[in-house]
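Enquirer: Below is one structure. I have some questions about it.
The values are calculated or read from the model by the stated rules, or taken from the named source; none is laboratory data. What you see is a predicted model, and the numbers here were worked out from it, not measured in a lab. All Cβ positions, even for glycine, are placed from backbone atoms using ideal geometry, and neighbour counts span all protein chains on display. Accessible surface areas use protein heavy atoms only, side chains included; no ligands, DNA or RNA. Shrake-Rupley method; radii C 1.70, N 1.55, O 1.52, S 1.80 Å.
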Amino acid sequence: MATPKRKTDHAFNIQRLNVVFLFSALALIASVIWMVIDDYDREWKHFQRDFFARDRERARLQIEELDEQNQAALEQAQESKTQTLTRIESDIEAKRDQLDKLQREQIYRADQLVKFARAKLDVLRYEYESELTHFRVEHGEGRIDPAEFPEGLRDRYDLVVKNEQDIAKLSNDLNELKKQEKSISDELGELEKQVTVYDDEIRSLTEKRDILARKIERTESGFRNTVLDRTPMMDFIDPVTKVEWVKPPNLRDDLNFTQAERIDMCKTCHMAIDGIGYTGDNWEHPFRSHPRLDLFVSPSSPHSYLDFGCTVCHQGRGQDLTFKGSAHVPRDDAQREQWEEKYGWTPKAFMHWEFPMVPTQYIYSSCLKCHGDSWTIPEAGPTTVELAASSPAWNTVDEGATLAGHNSVNAGRMIFYEYGCHGCHAMKDFESPRKVGPDLRQVGAKLEPDWVYAWLLDPKAFRPTTKMPKFFGLSNSGGELDTRAHREQMQKFNQVEADSITAFLFQQSVPMDLPLPDGLEADTESGKTLFENRGCLGCHAVDSLPFAPGNNFGPNLSRVGEKLNLAWLYHWVKDPKQYHPDGRMPSLRLEDQEALDIASYLLEAFQTESPFRGSPDRSDADYLSFLDARIIENYLDDLPIADAQAKADAMSLDQKRTFVGQKLVERYGCTGCHWVNGYEDAKGIGAELSEHGTKDLHTVDFGLELHEVDGVDRVTGEEKTYHIDHTLHSWLGMKIRYPRIFDRGRYKAYKDASRMPNFEFKDDQIEALVTYLFGNRKELIPEIMKANLQGDAQVIAGGERIIHDSNCYGCHQFEMHEISYLDDDALRRHAIGQVTEVSVEDEVSFFRAWTDQIALTQKGQTDFAAAQTIYGADSVPIAYEMFSNPEKIRMLAGEKITDLESVSVLDPVGTTLELGVEADIQADVSLFTAIRFIGEDGQIHLAYGKITSADLEEGSLTFGLMKPIEELGLDAFAELELTRDKIVQLIDPSLALGGRLGRSLELAYAQNEDLDPFDTDEYFNDIQPTIDPYKPPVLFREGQKIQTPWAFEFLMNPYPLRPWFEVRMPTFGFTQEEATTLANYFGAKDRRQYPYNYYDESAASYLAARSDDQPEQYLENAWALMQDPQVNCFNCHMQGEKTPEGDPSSWAPDLSMAHERLRPEWIRSWIFDPQGFQPGTKMPQLFLSDEERYQEAFAAPSGHQVEAIKDLLMNWTASPAAASNPR
Amino acid sequence: MFAKHAMSLATWGVLSLGLVAGLSAEENTPAKPAGGSITGKCLIDGNVPAAGKLKIDKDVEVCGKRSDVDKSLMVAKNKGIQNVVVSIKKIDAPDGWPKAQLARIFDQKDCEFVSRVMIVPVGSQIDIKNSDPVLHNVHTYSRRNTPINQGIPAGQSLKQKLEKEETIKVTCDVHKWMLSWIVVAGHPYYTLTNEDGSFELKNVPPGTYELIAWHESLGKSKTKHKKVEVKADGTVEGIDFEFKPKN
Ligand SMILES: [Cu+2]
């Protein structure tokens, strides 16, 4: 029953199949074509072609420029060459002919003759020797005289001898000819050199041009470029456009389950990243040079391209070749819009990559990955919070656009630490954090409840610079940004909370016995003097010294009289640790009377007319119902409402308040910053932030589609709209700016509402904080890639932390100013030293070098670090001593300095540089005084220069500009007049370098004496010389000077080194470990031996070697020299108990302590050239290298005299000095 | 030339007013068209203060010889202030000025700088001497020139070149009371007031100038003389400056 089948051999229809084949073949071809075209059309290839074209254009322009520049020289060279050629061509020709002839005719012939003669001689020798053998066979061996030869042999012998003589003669002839040849060829060479000299010149003139031309050729002409690379499908054969990649050897991509090699292909598009000079308006991204090639990318930089790649700092997807796929993240809205238009960028671009790129303004956050163990990361921004506020000006390099707004990760970390963020948020950098706020366990003895209540509601209303944040009246609690209807209600609610917290704090407070000293009368006048001179101003600011720069380490004391009581303040000033054992306020070892005077003065002088107090109406119905509601709510989890109500009803008002207050202290995490009884072990209430920089965006609460907030700029006070992008940094910024803003528009139960307080940070502080937080990422970095500080670097980092915590910078200057400028030869130079004058009138400024200037130009550098590399570990001033006294060169820190000549010819330390407008000064804010002000355009501007006059009462000033402000059309040396409300911030040079107290002392003196501290004459001729002897010593290069064990002892137990000082080194209460670190810090920083260093000066053998075995006489002589009326060290220096004549302000330190305190090599160098160490010091130079002085007292060259004084100082206790001044 | 001034020094026996004359255009700018003169007085605006006394408390054997009168402010009965530096602001030095770089002697005698205020042309070399048997150190508070602080033993001296215009305070750190001023002048139109506070600027080229007066302890005079017109061979009189006393 089979149905008839179609008769076919195949199970399929060929015809139909052909059609299918045809179409699939076509489709395949089409897709191949599509693939090929698509490949040819890839984004990065367009970038490369574009770049090549523009780079060729650039090369052409450079060639043109070179041509133009070199044209004359080139023509000149060519012309000279031609001229010379014409002039000497015949000579050359003649010489060549002569040479040729000589070679061809004479030398050739002579050479041939020698060769023939040699050949002939060989034959003759053979014949002679074979006959001689026969002869020997017959006559036996033994020495045979040729005279006894038979005739035939004899003839042969003579023939050989004659021929040998002939050859010698012929060789001689040949040698003569060769000599002739050499001299002719030398002459020819000389002649030709006259021409080749121009060839070399031409080559050097065209070399650069040729390189550029080859560069053009490489991507422009030839089969490879014109055909292969421009034909789809063919372009793989030998591509010009190709993927550029790098594989940093020690870096891996962490793919959660496994690790893969990290490959960065960023350079494929960023083709000029390692090129020099792709900057300015003509080169936009991706074709720009890296802005800091000195630090990154270039092979000689510490972070080279080959070792580090790109993504380790920038993040993003290194293996993607598209703009979107590589996870670019825009810096701001403007850039985002630009990218959307240009590259079709969308926020989704980086959604699927865990590490999207770091927006450029936060790029320095990446430093934390490897440099987290530094206290301050070099080059990653200033540390001080105050300086952070000027970050836009910091280090603008040439990349105005990208780096102008970048932020200091150092400042961010410092803000985090100083404002006590770690009190609530755990952070790996701050594992055992101190509590940053005052101790509240005995608060009842210090404050009044009404003050605390008012303070809690708005701390900045009392003290604008306080670090205490605001907890009430925020965007979810009735503040200005609270958009809900019941703001007034909320304010009452806030009052209940503040009042309850106050009640609780006073209830938990432990009483304190604070007796005032008996029989003492307070003297506020003396209190004022003590307050100004003892050193209080090193940490505290007061508004009556308006330009005392930034002493805000401790609280501003301007209204302290409204806050405190005498008994408490007296004890606090006298012994701060009694009230706050782990506080930072040190003891100044004050007498009872002094403490009483200071406390009385502060209370009397520092208050306003309207004392700061407040309290709520506790009988108000709302107050009571809110209070009850808080209590009931608290019990609701466990009890029925009626029982909860009953609990509340059973309490007295005070009980209610303290009950609610305690809950609030827990809720707001007050114990994160303050010690509170019963909460000693309380944990921080916030989220850990150690890995917050890699927080998944999905887990971040962006609120209810909140895209913008209308806020206020906290610097200018102008209204401003802040946008919220869907990025982590945008969210972080907003969270810090308005911590509770994401509650907006949502209903939240009280217990779920945001409770983070508002620190009222300014925009740039926020940026710095975001940078820091953003840098705390969870990421795998191999140990080998990390900085891992060791040795000196580790000691320095440890020291810096203690220096920060003790605010040593408040009183001591640690560094000098640094500038870079162009000298008369347009060479860029650096100098370390100080500004001595800025004259607006003469349009000139002066800078005094504290380091040798030109010594270092040998290496094209003039900074101190370079000096140290050149001269070994020693400083330049010591090199000065070397040339003064070469026979005394000793091995200092293992480096022997031999190249003395180069030192002696240079400008000595102390040289004053004149810097005019044309000097092209580059400096950061640490150099000149800087001021941030609100200009006529309403924007904040930054000016460098100097205050030229000031009205201290009004707080207004005039400011002489050192650099122009183009946006305002102000030239250099223009004068800016500013009133207080326009001054945003004054940045004194000492801020970055330390030594603020010195400024405060000067200002106080100027104010008391009615002098103008900003008048150059009055400042330099009166204020500075008067105050200098009373300023805490400058610690620049201190490690060269002091012995580490002495520093340790001194830090543990300070004593008066300079008895005329009114300012006093406080007792900080360092642990032994801290004091050790700090003492070592100085040695490490100045690269000296530490902690122990053996000095052989006091060894018997040393003294014997110096003095023909008469050590006593040697020291006797040295002692006589020191007392010689022409030297007389003790005219100024103290010796033990013995003080010099005259006013104490002209005294100098006790020489009987020198052997414990000072390093001998320092003593010697210092005596030789005090100005070489510290230009302007009162110590005169008494010994000159080229002049013999004081020979009656000590007959020796000056070098020996200085050596002898040093030896005596180091042997003080065994010397006649000690005998004449028993201690 | 120097001998003449040395004589005048001996005659007056006090300050180096004579040295100042050495600067005058008369001697340094020969064969120039005749200039005019400017005369006036520097006066104190208030009571004549009594001269202060110095505390001589070191090396008394030698230093006791000097008078203990504080010369930082000397006002005559007619209220004239001595040692005020009067100069023309922003004027070019005549061609060829200064004619020769003469070494100026800057001596220390009886623990006092012999010249209280000394005006020297820019580029001068000063010869710092110590005529006392005790050590002095010369400490200059230069802001523009490179400062020095060198001990100068008895009878010795030190040469120092002053390259830049400025007014330099000079002290000795051994003897706190020792104080002197060196005015490094960029042009010849500088002068010092006499004991009675009067001054004369000679050979000023015709033109309109601003004048300024500065005193070491009173600072700059607030009196403004912004447009003083000088005619050839004429004398402008009555250019007086008033100084407010301190405190
Ligand atoms: Cu002296």
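Enquirer: Taking H placed 1.01 Å from N in the peptide plane, check which residues at least 5 places from A:Arg740 or on another chain put their amide H under 5 Å from its amide H.
Expert: The list, which skips near neighbours in sequence, is A:Ser475.
Enquirer: Roughly how many Å² is the accessible area per residue of the stretch A:1017-1157, as a whole number, for a 1.4 Å probe?
Expert: Dividing the accessible area of the stretch A:1017-1157 by its residue count gives 44 Å².
Enquirer: Could you tell me which of the pairs A:Lys342/A:Lys720; A:Lys1085/B:Lys129; A:Lys786/A:Lys1085; A:Lys563/B:Lys244; A:Lys179/A:Lys208 are separated by over 31 angstrom between their Cα atoms in the structure shown?
Expert: Among A:Lys342/A:Lys720; A:Lys1085/B:Lys129; A:Lys786/A:Lys1085; A:Lys563/B:Lys244; A:Lys179/A:Lys208, the Cα-Cα distance tops 31 Å for A:Lys1085/B:Lys129; A:Lys563/B:Lys244; A:Lys179/A:Lys208.
Enquirer: Roughly how many whole Å is it from the C-alpha centroid of the stretch A:561-606 to that of the stretch B:187-247?
Expert: Value for the Cα centre distance between the two parts: 54 Å.
Enquirer: Count charges around A:Pro739 for me, please; just the other residues with Cβ under 11 Å from its Cβ, Lys/Arg as +1, Asp/Glu as -1.
Expert: Summing Lys/Arg as +1 and Asp/Glu as -1 gives +3.
Enquirer: Write down the percent of antiparallel bridges among all DSSP beta bridges whose residues are both part of chain A, to the nearest 5.
Expert: 95 percent
Enquirer: If you don't mind, there's one more thing I want to ask. Using alpha carbons only, how many angstrom separate the centre of the stretch A:789-805 from the centre of the stretch A:651-666?
Expert: The distance from the Cα centre of the stretch A:789-805 to that of the stretch A:651-666 comes to 46 Å.
Enquirer: Sticking with this structure for a sec: Hey, rough spin-label estimate for A:Lys460 and A:Asp122, points 7 angstrom out along Cα→Cβ, what's it come to in nanometres?
Expert: 10.7 nm
Enquirer: What's the center-to-center distance, using Cα atoms, between the stretch A:418-443 and the stretch A:175-225 in Å?
Expert: 73 Å
Enquirer: Report Rg/Rh for the stretch A:156-230, rounded to two decimals, where Rg is the Cα radius of gyration and Rh the Kirkwood radius.
Expert: 1.56
Enquirer: Taking θ = phi - 60°, what integer Hz values does the Karplus form 6.51 cos²θ - 1.76 cosθ + 1.60 yield along the stretch A:642-658, in sequence order, with x for Gly and Pro?
Expert: 5, 5, 4, 4, 5, 4, 5, 4, 6, 8, 7, 4, 5, 4, 4, 5, 5
Enquirer: A further question on this structure: What is the distance, in nm, between label points placed 7 Å from the Cα along the Cα-to-Cβ direction at A:Leu639 and at A:Arg252?
Expert: 5.9 nm
Enquirer: With a 1.4 Å probe and every protein chain kept in, tell me what percent of the accessible surface of chain A is carbon plus sulfur.
Expert: 51 percent
Enquirer: Using a 4.7 Å cut-off between beta carbons, which cysteines in chain B end up with no partner cysteine at all?
Expert: Those would be B:Cys42, B:Cys172, since no other cysteine Cβ in chain B comes under 4.7 Å of theirs.
Enquirer: Stretched out fully, how many nm does the piece from A:Asp67 to A:Ser544 gain, at 0.36 nm a residue minus the Cα gap?
Expert: Between A:Asp67 and A:Ser544, full extension yields 165.3 nm more.
Enquirer: Compute the whole-percent fraction of alpha carbon pairs in chain A spaced more than 60 Å apart.
Expert: 35 percent
Enquirer: Next question, about the same structure. Could you pull out which residues in the stretch A:1137-1152 have an amide N less than 19 Å from a spot 7 Å beyond the Cα of A:Thr1213, following the Cα-Cβ vector?
Expert: Answer for this model: A:1137-1138, A:1150-1152.
Enquirer: How much FRET efficiency would the formula 1/(1 + (r/R0)^6) give for A:Glu688 and A:Ser610, where r is the Cβ-Cβ distance and R0 is 30 Å, rounded to 0.05?
Expert: Efficiency, from the Cβ-Cβ distance: 0.10.
Enquirer: In whole Hz and in residue order, list the ³J(HN,Hα) couplings for the stretch A:673-678 that follow from phi through the Karplus curve 6.51 cos²θ - 1.76 cosθ + 1.60, θ = phi - 60°; x for Gly and Pro.
Expert: 10, 10, 6, 10, 4, x
Enquirer: If I stretch the segment between A:Glu354 and A:Asp439 completely, what's the gain in nm (0.36 nm per residue apart, minus their alpha carbon distance), one decimal?
Expert: 26.3 nm
Enquirer: Of all DSSP beta bridges in the stretch B:36-243, what percent run antiparallel (nearest 5)?
Expert: 75 percent
Enquirer: Quick check on my link table: of A:Lys467/A:Lys574; A:Lys267/A:Lys369; A:Lys663/A:Lys735; A:Lys577/A:Lys946; B:Lys79/B:Lys202; A:Lys1031/B:Lys176, which ones sit more than 29 Å apart, alpha carbon to alpha carbon?
Expert: A:Lys577/A:Lys946
Enquirer: Would you mind giving the total buried accessible surface between chains B and A, with a 1.4 Å probe and ligands, DNA and RNA left out, rounded to the nearest 100 Å²?
Expert: For B against A, buried area totals roughly 3200 Å².
Enquirer: Assigning unit charges at the beta carbon (Lys, Arg +1; Asp, Glu -1) and nothing else, what dipole magnitude in debye, to the nearest 20, does the protein assembly as shown show about its Cα centre?
Expert: In total the dipole reaches around 2420 debye.
Enquirer: Related question: List the residues of the stretch A:1138-1156 whose accessible area drops by at least 30 Å² when all protein chains are present, compared with their chain alone, using a 1.4 Å probe and counting only protein heavy atoms.
Expert: A:Glu1141, A:Gly1142, A:Asp1143, A:Ser1146
Enquirer: Under a point spin-label approximation (7 Å from Cα along Cα-to-Cβ), what is the B:Lys55-A:Glu977 distance to one decimal in nm?
Expert: 4.3 nm
Enquirer: So between A:Tyr343 and A:Trp245, what do we pick up on full extension, going 0.36 nm a residue minus the alpha carbon distance?
Expert: 33.1 nm
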